[in-house]
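**Q** Take a look at this one; I'll ask things after.
Laboratory data are not the source of any read-out in this text; all were calculated from the coordinates shown. What you see is a predicted model, and the numbers here were worked out from it, not measured in a lab. Don't worry about glycine lacking a Cβ; one is built from the backbone with ideal geometry, like all the others, and counts go over all protein chains shown.
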């Protein structure tokens with residue numbers, strides 16, 4: 001009789017231990033799966049995204065940069081792009097702004113009728129400067145919200 005009671009208690013203990021282990025391990029596995037899925041989505045977005053700076057013009061108090069979405073995915077939130085401008089070793093991040101913002105700032109106009117930066121659309125990024133650029137070689141770098149970037153050099157004479 002003692003052996004039956006001990007066996008039943010061991011079986012009940014084993015079942016309770018299995019439930020406790022399952023309740024602790026399953027949420028961790030579920031969180032890991034969600035993290036892997038999120039990372040996979042981010043990598044996929046980078047693979048199908050790309051931009052190319054086509055042309056840069058210095059117009060005294062502004063710099064116009066035409067940037068094409070050469071990827072196969074829409075670029076979300078164009079105003080969240082990072083824009084860097086400067087000479088070698090002296091770069092500045094230019095904040096996004098509107099006509100009410102203090103200089104320098106940049107804004108954009110997507111060419112065509114779309115308000116979204118779709119594949120093959122060209123975005124006219126206008127950098128409003130506090131003063132005209134001095135004669136030199138300048139670098140312009142644009143980084144999208146998902147980390148895709150392009151950089152070009154242009155001269156001001």
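**Q** Based solely on its DSSP helices, what 222 nm [θ] is calculated for the chain when runs of n ≥ 4 H residues each add -39,500 (n - 2.57) and the sum is averaged over all residues, nearest 500 deg cm²/dmol?
**A** -11000 deg cm²/dmol
**Q** Normalising by the residue count of region 66-157, find the relative contact order in percent from Cα pairs under 8 Å and 6+ residues apart.
**A** 33
**Q** Order of 139-145, 1-7, 89-95, 16-22 by packing, highest average Cβ count within 10 Å first?
**A** Put in order of decreasing packing, that is 139-145, 89-95, 16-22, 1-7.
**Q** With the crude spin-label approximation of a point 7 Å out along Cα→Cβ, what separation in nm comes out for residue 38 versus residue 7?
**A** Rounded to a tenth, the inter-label distance reads 5.0 nm.
**Q** Could you give the length gained on full extension between residue 17 and residue 107, defined as 0.36 nm per residue of separation minus the Cα-Cα distance, in nm?
**A** 26.4 nm
**Q** Continuing with this model, one more query. To the nearest 10 degrees, how steeply does helix 2-47 sit against the main Cα axis of the chain, on a 0 to 90 scale?
**A** 10
**Q** Turning to a different aspect of this structure: Would you work out the relative contact order for the chain, in percent, from Cα pairs under 8 angstrom that are 6 or more residues apart?
**A** RCO, the chain: 23 percent.
**Q** As an exercise, use a Förster radius of 35 Å and the Cβ-Cβ distance of residue 77 and residue 136 to find the FRET efficiency, rounded to the nearest 0.05.
**A** So the FRET efficiency works out to roughly 0.65.
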